[in-house]
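Student: This is the structure, below, for whatever I ask next.
The values are calculated or read from the model by the stated rules, or taken from the named source; none is laboratory data. Computed from a prediction, not measured in an experiment: that's the story for all the values here. Cβ placement follows ideal geometry from the backbone for every residue including glycine, while neighbour counts extend to all protein chains displayed.
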Amino acid sequence: MFDPLRKEGRGVTEIELRRFRTLFISDVHLGTRGCQADRLLDFLRVHDADTIYLVGDIVDGWHLKSSWYWPQAHNDVVQKFLRKSRKGARLVYVPGNHDEFLRDYYGTHFGGIEVVEHAVHVGPTGKKYLVIHGDLFDLVVSHARWLALLGDKAYDLAITVNRLWNGLTRRLGFNYWSFSKWAKLKVKNAVNYIGDFERALAAEAQHHGVEGVICGHIHHAVMHDGYGTHYINCGDWVESCTAVAEHFDGRFEIITWTRQEERHRQETAPVAAQAA
């Protein structure tokens, strides 16, 4: 787990940015009540990179169409990304199924953010990675959209149950437990959903002649070398709060931004956190 580096200066504790060559973030789902925008903002205050890939489902257009929900924290996340672009970071947006409205704008820029269908990321050692959201390789999404929408509503209900349940258990002193994540993995494992998804993405990477694939969509952060390629999934900012970071030597790391890390940073450097 990441413990932010601290430095003392002029009587104020400051947090040093943890800087990477590249950051990959997916499945934020801005516009939904399940989005943990505050935690993502805190993460972005102490993590930076030369290039940031937004790997789909950053904005949840499906939900915004049916019910508008856009608190200030969600707007702050957008502004934070735009600010990083203005400060010199390259931001690349690869739309997913929930923000598919952006697929009409491939090749354009919004506030310096590039919108592309997919990208080929080249690491410092020359290894190439296909960067793609992954929904087109999900048979439920691509061939039975109505079923995907139904499943999305069920997932929202599970997230609501999570909030109520964990609000109660925190008062009783118990740790966080995700019913929705448990149920999702149980159901999907029963039909080998995750394995099929990973296998399909690995085959697509091989089709593009690259060494790996970096994706999102299934909210399951993992890295492995199965299926003949280097498979990396960014996870999400609804439950797991994970991002993928590429170090300057080409190593990849999954960073989980826990509540403990967030509290530690806020307690040790409240002034710096507000100024970032």
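Student: Consider Asp104 against the criteria (1) exposed (fewer than 13 other Cβ atoms within 10 Å of the Cβ); (2) of a type in the set (Asp, Glu); (3) in a strand (DSSP E or B): it satisfies all of them except one. Which criterion is unmet?
Tutor: (3)
Student: Among the residues in the stretch 82-92, are any among the polar types (S, T, N, Q), within 23 Å of Ile232 (Cα to Cα) and surrounded by 14 or more Cβ atoms within 10 Å (Cβ to Cβ)?
Tutor: no
Student: Just checking, which of Val213, Val244, Val222 is crowded, with 22+ Cβ neighbours inside 10 Å, farther than 13 Å from Leu23 by Cα and touching a strand residue (DSSP E or B) at 6+ places or on another chain (Cβ under 9 Å)?
Tutor: Residue meeting the stated conditions: Val213.
Student: Just one of Arg103, Arg145 is of a type in the set (D, E, K, R), out of contact with any strand residue (DSSP E or B) (no Cβ under 9 Å at 6 or more places or on another chain) and either under 21 Å from Gly31 (Cα atoms) or modelled with pLDDT under 95 (or both); which is it?
Tutor: Going through Arg103, Arg145 in turn, the sole match is Arg145.
Student: I would also like to ask the following. Condition check: over 16 Å from Val131 (Cα atoms) and within 20 Å of the chain's Cα centre (by Cα). Does Ile194 satisfy that?
Tutor: So Ile194 fits the description; yes.
Student: Looking only at strands (runs of 3 or more DSSP E) that fall completely inside the stretch 190-253, which ones have 2 or more residues that are touching a Leu at 6+ places or on another chain (Cβ under 9 Å) and among the small types (Gly, Ala, Ser)?
Tutor: 242-246
Student: Tally the residues that are among the acidic types (Asp, Glu), at pLDDT 95 or above and assigned to a loop (DSSP other than H, G, I, E, B), restricting the search to the stretch 107-138.
Tutor: Qualifying residue count, the stretch 107-138: 1.
Student: For the stretch 225-239, what are the residues that are in contact (Cβ under 8 Å) with a residue 24 or more places away in the chain and farther than 19 Å from Trp257 by Cβ?
Tutor: Residues satisfying the conditions are Gly226, Tyr227, Gly228, Thr229, His230, Tyr231.
Student: Write out, first by first residue and then by second, each pair whose Cβ atoms fall under 6 Å of each other, whose residues are 6+ apart or on separate chains, and whose first residue, in the stretch 51-75, is touching a residue at least 12 places away in the same chain (Cβ under 8 Å) while the second is of a type in the set (Phe, Trp, Tyr) and assigned to a strand (DSSP E or B).
Tutor: Within 6 Å, the pairs are Tyr53/Phe24; Leu54/Tyr93; Val55/Phe24.
Student: Residue check: is Leu91 among the aliphatic types (A, V, I, L, M), part of a strand (DSSP E or B) and over 23 Å from Asp38 (Cα atoms)? Give the derivation first.
Tutor: Numbers: among the aliphatic types (A, V, I, L, M): yes; part of a strand (DSSP E or B): yes; over 23 Å from Asp38 (Cα atoms): no.
Judged against the criteria, Leu91 is not a match.
Student: Please find, among Gly31, Gly11, the residue that is at pLDDT below 95, more than 20 Å from Cys215 (Cβ to Cβ) and either more than 14 Å from the chain's Cα centre (by Cα) or surrounded by fewer than 16 Cβ atoms within 10 Å (Cβ to Cβ) (or both). Please lay out each step first, then the result.
Tutor: Numbers: Gly31 fails: at pLDDT below 95.
So the residue among Gly31, Gly11 that is at pLDDT below 95, more than 20 Å from Cys215 (Cβ to Cβ) and either more than 14 Å from the chain's Cα centre (by Cα) or surrounded by fewer than 16 Cβ atoms within 10 Å (Cβ to Cβ) (or both) is Gly11.
Student: Taking the stated definitions as given, is Ala205 farther than 23 Å from Ala49 by Cα and modelled with pLDDT of 95 or more?
Tutor: So Ala205 passes the test.
Student: For Trp165, state whether it is of a type outside the set (Lys, Arg), modelled with pLDDT under 95 and surrounded by 12 or more Cβ atoms within 10 Å (Cβ to Cβ).
Tutor: It is true that Trp165 is of a type outside the set (Lys, Arg), modelled with pLDDT under 95 and surrounded by 12 or more Cβ atoms within 10 Å (Cβ to Cβ).
Student: Just need a number here: residues in the stretch 212-241 that are within 18 Å of Val92 (Cα to Cα) and of a type in the set (S, T, N, Q).
Tutor: Residues in the stretch 212-241 being within 18 Å of Val92 (Cα to Cα) and of a type in the set (S, T, N, Q): 1 in total.
Student: Quick one: which of Asp27, Asp42 is in contact with a Gly (Cβ under 7 Å, 6 or more places away or on another chain) and farther than 15 Å from Leu91 by Cα?
Tutor: Criteria check complete, one pass: Asp27.
Student: So, one more: Give the number of residues within the stretch 45-68 that are more than 14 Å from the chain's Cα centre (by Cα), surrounded by 14 or more Cβ atoms within 10 Å (Cβ to Cβ) and either farther than 23 Å from Arg90 by Cβ or not aliphatic (A, V, I, L, M) (or both).
Tutor: So the first thing to find is which residues in the stretch 45-68 are more than 14 Å from the chain's Cα centre (by Cα), and the list is 45-46, 48-51, 61-68.
When the remaining residues are screened for being surrounded by 14 or more Cβ atoms within 10 Å (Cβ to Cβ), the result is 45-46, 48-51, 61-64.
Now narrow it down to the ones that are either farther than 23 Å from Arg90 by Cβ or not aliphatic (A, V, I, L, M) (or both): 45, 48, 50-51, 61-64.
Adding up the residues that qualify gives 8.
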